[in-house]
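Have a look at the structure below before the remarks.
The values are calculated or read from the model by the stated rules, or taken from the named source; none is laboratory data. Note that the structure is predicted; figures quoted are calculated from it, not measured. For neighbour counting, all protein chains shown are included, and Cβ atoms are generated from backbone atoms with ideal geometry for every residue, glycine included. Surface accessibility is based on the protein's heavy atoms, side chains included, excluding ligands, DNA and RNA. Shrake-Rupley method; radii C 1.70, N 1.55, O 1.52, S 1.80 Å.
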2 protein chains.
Amino acid sequence: MKKNMENYVFHAYTKMLFGKNQIDQLPEVMNDYGKTVLLVYGGGSIKKNGIYDKVYTLLKGWNIIELSGVEPNPRITTVREGVRLCKENNVDVILAVGGGSTLDCSKVIAAGHYYDNDPWDLVLDGSLITKALPLVTILTLAATGSEMNKNAVISNLETNEKFGTASKLVIPQASILDPTYLFTLPAIQTAAGTADIMSHIFEAYFGKVKDAYIQDSFSEGILKACIKYCKIALKEPENYEARANLMWASSMALNGLTGSGKSHAWTCHPIEHELSAFYDITHGVGLAIVTPRWMRYILNDDTVEQFATYGHNVWDLPMEEDKFEVAHKAIDKTEEFFKEIGIPMTLKEVGIDDSKLDIMAEKAVRFGGLGDAFVSLTKEDVVNILKDCL
Amino acid sequence: MKKNMENYVFHAYTKMLFGKNQIDQLPEVMNDYGKTVLLVYGGGSIKKNGIYDKVYTLLKGWNIIELSGVEPNPRITTVREGVRLCKENNVDVILAVGGGSTLDCSKVIAAGHYYDNDPWDLVLDGSLITKALPLVTILTLAATGSEMNKNAVISNLETNEKFGTASKLVIPQASILDPTYLFTLPAIQTAAGTADIMSHIFEAYFGKVKDAYIQDSFSEGILKACIKYCKIALKEPENYEARANLMWASSMALNGLTGSGKSHAWTCHPIEHELSAFYDITHGVGLAIVTPRWMRYILNDDTVEQFATYGHNVWDLPMEEDKFEVAHKAIDKTEEFFKEIGIPMTLKEVGIDDSKLDIMAEKAVRFGGLGDAFVSLTKEDVVNILKDCL
């Protein structure tokens, strides 16, 4: 099943301003784009931690229109409202303050501003995006990598659909990453965010392409950083080193560095998207639940070498004669890690029973293209994996 | 001597087109910038390997002006000639085809086009660069990372000066990296290029900042890739996997990924620049000669931990109780590696005697700011290091 590295285009053009108080650069960054801003955010956390007031102080003289209340799984209804605000107010630039949800929502708003029909079309087909408003982000959660990439995931709760879309045109122009913004995160968000980062790595790392050494070594480095620093951040929420490395891991994990040249279909993300679409659970939690079960399910003679390498390079397991032994230990370590950082590791614990496994599996295979994944999966395979998660 | 990670801005915006035949995208890439092109290249190798003809075929309809004969250590005289051609012909965009020398020369031409005085000013002070022509590159050597960064090094043989300059404005807009272009490289260029890549990593990796885990793990991955694939490329010049990983290593080693947050003065580069400025030797060869001697010279109680970590993480040396033991082995391994890939490892072999050590050391300390390096060096220190290289 070995394949050679494919051709690729790497173009991660976001200007990343990283470190304490980098928000002070906001006026200079925003100056490039005009004076009417749509400020997009989620719940009230940015009011509690002072970012909201800081933005208003720094952007004195700008015309700021607000869209607040973006949901953890951002909904197309909120996107529509944002597009309406942009069109009504002739917005020049979008400033998204929050985590991946707020950023993803803002991306589709940015594209929707130049689209005449329902923005849900752009979620279903990213190639319909032909122009977008410039987007600047201030990140408050280390997880999705949305701050430096072309991806956005939007939910439609009426139809139980949650899809990812992508366009180079919605890559943020600039992102401000201040690790101190992570100090006050609830523990579960630190943990779930880390699981999301790790899943982005896993999806690309376990693939048929075997000669992308640099991509794979970057992947291993990011995974080790996640494992090391998530535990520290949970014990010492204000540990700057831990927060800084997790925050940078978020951006590095899904900006093309680890996946370039390795373009197979992802697996755990499409499966998790169905869990969230039907049950609105936290994305990173869903991923953590599915990941080790998926790994165990696809472990076979073809894949064992890669799982053993993963165990050796990431978990420092000694390479043994029996590769399956190493591979199993690596997968067990992965599962134990997610437990240790406090993620509920069964579907039951997040309120999901076996009543919809069939429909979720069917949709994951159909929309996720799981037939083209690292290990090709049928609907029955996905049902089996989900049963292992119950 | 431990320091915390500094704030940084990461903005590596070059569009990287990587893989076989990516040159076919050239017209689409060039379309963004107007129809009058300055084509910059070095010796005749691009005529032998067919790239020259391919460029003319692909850019039918463009107005192409040529600047050829860029030297391995590109000279300010050539930059001046390029600026003259740009101004005379109202050039819209520069297309640089070659290695770091051609690219660096093109960067200063691009900036010189908008500068009223002698472009040597821009080499002495990058902050004088306020505007630059767009630059597209086709890379034919894996070494300097110039294809994805803001740096350029230019020599002035009349004054025996060789200085680096930098400006965000001269970062290439797009770079085409086809690993098959490396198939026909002379062995010494493969080796010297690899030494250059590794030195870029070393300069940032050995520093006072200890908490930039992700930057450091990327560094270790790139070093391991260099060590693994340089040897393969020398044995099998047409091994695509080896060439692809070396080529990508070149870009990743000096685009900000490994040095962000770690902004101390470099050491081996300023020392080597004096060697090249006085003796016009190959940059990568000079670096390989200086590097292990520098490492040994600065090994002490403060630095031993980092050299031992380097030995363990890069050379897979077992971590022993005596850290100096591991550190010495790691440095020996580094020197042996450079020998093994065929680099002459003494100054004598490249025609340098002890007659100018003093003046070179003095200039390296003065212009390189070696007082602010990882380990602060005086002129006497540099003389001692150079004596160890004789």
Segment B:21-177, relative contact order in percent, only Cα pairs under 8 angstrom and at least six apart counted: 24 percent
Under 20 Å from A:Lys379, Cα to Cα: aspartates and glutamates that are on another chain or at least 8 residues apart: A:Glu161, A:Glu203, A:Glu272, A:Glu274, A:Asp353, A:Asp354, A:Asp358, A:Glu362, A:Asp388
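Among rounded, prolate and oblate, which fits segment B:124-181 when a ≥ b ≥ c are the square roots of the eigenvalues of its C-alpha gyration tensor, a/c under 1.5 means rounded, and a/b larger than b/c means prolate?
Numbers: a/c = 2.87, a/b = 1.38, b/c = 2.07.
Oblate, since a/c reaches 1.5 and b/c is not below a/b.
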Partner chain coverage, peptide B:25-33 - average Cβ within 10 angstrom: 0
Contact order relative to length of chain A, as percent, for alpha carbon pairs under 8 angstrom and 6 or more apart: 16 percent
Antiparallel bridge percentage (DSSP; both residues within chain B; nearest 5): 20 percent
Bridge type composition, the protein assembly as shown - antiparallel percent by DSSP, nearest 5: 25 percent
20 Å Cα-Cα reach of A:Lys339 towards lysines, excluding residues that sit fewer than 8 places from it in its own chain: A:Lys224, A:Lys228, A:Lys231, A:Lys235, A:Lys329, A:Lys348, A:Lys387
Per-residue HN-Hα couplings for segment B:324-331 [Karplus 6.51, -1.76, 1.60; θ = phi - 60°; Hz; x = Gly/Pro]: 4, 4, 5, 4, 4, 4, 5, 5
Whichever aspartates and glutamates have a C-alpha closer than 13 Å to that of A:Lys323, once near sequence neighbours (fewer than 8 apart) are set aside: A:Asp301, A:Asp302, A:Glu305
Farthest toward positive dipole pole in chain B [+1 Lys/Arg, -1 Asp/Glu at C-beta], among B:Gly221, B:Thr102, B:Val123: B:Thr102
Whole-number accessible area per residue in Å² for segment A:282-390, which is evaluated in the context of all protein chains at 1.4 Å: 44 Å²
B:Thr144 long-range amide H proximity, modeled H, under 5 Å: B:Gly100
Averaged over B:238-244, number of beta-carbon atoms from partner chains that fall within 10 Å: 3
Whole-number D in µm²/s for chain A (Stokes-Einstein; Kirkwood sum over Cα pairs; 4 °C, 1.567 mPa s): 61 µm²/s
Segment A:84-154 and segment A:318-390: distance between their alpha carbon centers, rounded to Å: 30 Å
Label point distance in nm, A:Asp125-A:Thr180, each placed 7 Å from Cα along Cα→Cβ: 4.8 nm
Label spacing, shortest first and in nm, from A:Phe324 to its equivalents in the remaining copies (7 angstrom along Cα→Cβ): 5.0
With every protein chain in place, chain A: carbon and sulfur % of accessible area (1.4 Å): 48 percent
Given charges at beta-carbon only (K, R positive; D, E negative), |dipole| of segment B:274-356 in Debye: 300 debye
Label 7 Å beyond Cα on the Cβ vector: B:Gly342 copy-to-copy distances, nm: 5.8
Over segment A:240-340, relative contact order from alpha-carbon pairs under 8 Å, at least 6 apart, %: 19 percent
Copies compared at B:Asp354 - label distances in nm, ascending, label defined 7 Å from Cα in the Cβ direction: 8.4
Shielding of A:202-214 by partner chains, average beta-carbon count, 10 Å: 3
Net dipole in debye of chain A [+1 Lys, Arg Cβ; -1 Asp, Glu Cβ; about Cα centre; nearest 20]: 900 debye
Charge dipole (debye, nearest 20) of segment B:187-389; +1 at Cβ of Lys and Arg, -1 at Cβ of Asp and Glu: 420 debye
Share of alpha-carbon pairs per 10 Å distance bin for segment B:187-389, given as whole %: 9, 36, 39, 15, 1
GluC sites (Glu not before Pro) restricted to segment A:295-360 and DSSP loop, no more than 14 other C-beta within 10 Å: A:Glu320, A:Glu321
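How big is the B/A interface in buried accessible area, both sides summed, 1.4 Å probe, to the nearest 100 Å²? Before the final figure, lay out the partial values.
Details: alone 15590 and 15570 Å², together 27850 Å².
Counting protein atoms only, the buried area is about 3300 Å².
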Mean Cβ count within 10 Å, highest first, over the residues of peptides B:59-67, B:274-282, B:311-319: B:274-282, B:311-319, B:59-67
Residue of chain B whose Cβ sits closest to the axis mapping B onto A, with distance in whole Å: B:Tyr13, 2
Residues whose placed amide H lies under 5 Å from that of B:Lys3, excluding near-sequence neighbours: B:Val209, B:Lys210
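How big is the Kirkwood radius of segment A:21-177, worked out from every pair of different alpha carbons and given in Å to one decimal?
It is 15.1 Å.
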Where labels lie 7 Å past Cα in the beta-carbon direction, separation of B:Thr36 and B:Asp388 in nm: 5.4 nm
Three semi-axes of the equivalent ellipsoid, the protein assembly as shown, Cα gyration tensor, whole Å, largest first: 43, 31, 25
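Can you tell me the FRET efficiency between A:Ser355 and A:Asn300 if r is taken as the Cβ-Cβ distance and R0 is 25 Å, rounded to the nearest 0.05?
The formula returns an efficiency of 0.25 here.
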Segment A:105-116 - phi-based ³J(HN,Hα) in whole Hz, Karplus 6.51/-1.76/1.60, Gly and Pro as x: 4, 5, 4, 6, 4, 4, 6, x, 4, 9, 10, 7
3J(HN,Hα) from dihedral phi, segment B:199-212, Karplus parametrisation 6.51/-1.76/1.60, rounded to Hz, x for glycine, proline: 5, 4, 5, 3, 4, 8, 5, 8, x, 7, 6, 10, 10, 8
Expected 222 nm ellipticity per residue - DSSP helices of 4 or more, -39500 (n - 2.57), all of the protein assembly as shown, to 500: -15000 deg cm²/dmol
For B:Arg75, residues with placed amide H under 5 Å, excluding near neighbours: B:Ser155
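How would you rank A:162-172, B:215-225, highest first, on the average number of other Cβ atoms within 10 Å across their residues?
So the peptides A:162-172, B:215-225, ranked by packing, come out B:215-225, A:162-172.
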